[in-house]
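A.B. asks: I have a structure here, written as structure tokens, and I will follow up with some questions on it.
The values are calculated or read from the model by the stated rules, or taken from the named source; none is laboratory data. Owing to the predicted nature of the structure, the values given are computational and were not obtained by experimental measurement. Using ideal geometry, Cβ is built from the backbone for each residue, glycine included, and neighbour counts are taken over all protein chains shown. Accessible surface is based on the protein model in full, side chains and every heavy atom, while ligands, DNA and RNA are left aside. Shrake-Rupley method; radii C 1.70, N 1.55, O 1.52, S 1.80 Å.
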Amino acid sequence: MTLALFSSEAERVRQCFVLLRSLRDRVRQSAPAGVCLDELSMGMSGDFEIAIEEGATVVRVGQAIFGARPMPDSYYWPTENKEREFLP
């Protein structure tokens, strides 16, 4: 399972999914008999299409179903060197 980099640049997001898939593939080669590594949980409402293109079998699309969170994205994904502005 992975969450991609929070970025509007599709190729930067894609690389997160490519990396997880390649890690899974490498681990799969040395996995013991009977261990099945078929699932890739990656992608959220904003990037699930890219995740599916890169092999996701499970995506999280809560915001697509239930709507936006009450707090802005910057609350959940603060930028580097920036304190959360919305702490209670």
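A.B. asks: Kindly rank 3-11, 33-41 from highest to lowest mean number of other beta carbons found within 10 Å of each residue. Intermediate values should be presented prior to the final figure.
C.D. replies: Details: 3-11: 12.9, 33-41: 10.1.
Result, highest mean first: 3-11, 33-41.
A.B. asks: Using a 1.4 Å probe on the protein chains only, how many percent of the accessible area of the chain belongs to carbon and sulfur? Walk me through the intermediate numbers first.
C.D. replies: Working: 3660 of 6450 Å².
Ligands and nucleic acids excluded, carbon and sulfur give 57 percent.
A.B. asks: Turning to a different aspect of this structure: Report, in deg cm²/dmol and to the nearest 500, the calculated mean residue ellipticity at 222 nm for the chain, where each DSSP H run with n ≥ 4 adds -39500 (n - 2.57) and the sum is divided by the residue count.
C.D. replies: Values: 4 runs with 36 residues, N = 88.
Estimated from H runs of four or more residues: -11500 deg cm²/dmol.
A.B. asks: Follow-up. Using only Cα atoms, tell me the angle between helix 10-30 and the longest principal axis of the chain; keep it within 0 to 90° and round to the nearest 10.
C.D. replies: In the chain, helix 10-30 runs at an angle near 30 degrees to the longest axis.
A.B. asks: Here's a follow-up. Across the chain, where is the longest run that never hits trypsin sites (Lys or Arg not before Pro) in a DSSP loop with at most 14 other C-beta atoms within 10 Å?
C.D. replies: On the way: sites that count: LYS82, ARG84.
For trypsin sites (Lys or Arg not before Pro) (loop position, at most 14 other Cβ atoms within 10 Å), the longest site-free span of the chain is 1-81.
A.B. asks: Shifting gears a bit: Mind checking the log10 I(q)/I(0) for the chain at q = 0.17, 0.22, 0.25 Å⁻¹? Debye, one equal scatterer per Cα, no solvent, two decimals.
C.D. replies: -0.79, -1.07, -1.21
A.B. asks: Charges only on Cβ, +1 for Lys and Arg, -1 for Asp and Glu: so what's the dipole of region 1-50 about the Cα centre, in debye to the nearest 20? Can you show the working numbers first?
C.D. replies: Working: 6 positive and 7 negative charges, 47 e Å.
The calculation lands at about 220 debye.
A.B. asks: Where only protein heavy atoms count, and the probe is 1.4 Å, what is the accessible area per residue for the chain in Å²?
C.D. replies: Details: 6450 Å² over 88 residues.
Result: 73 Å² of accessible area for each residue.
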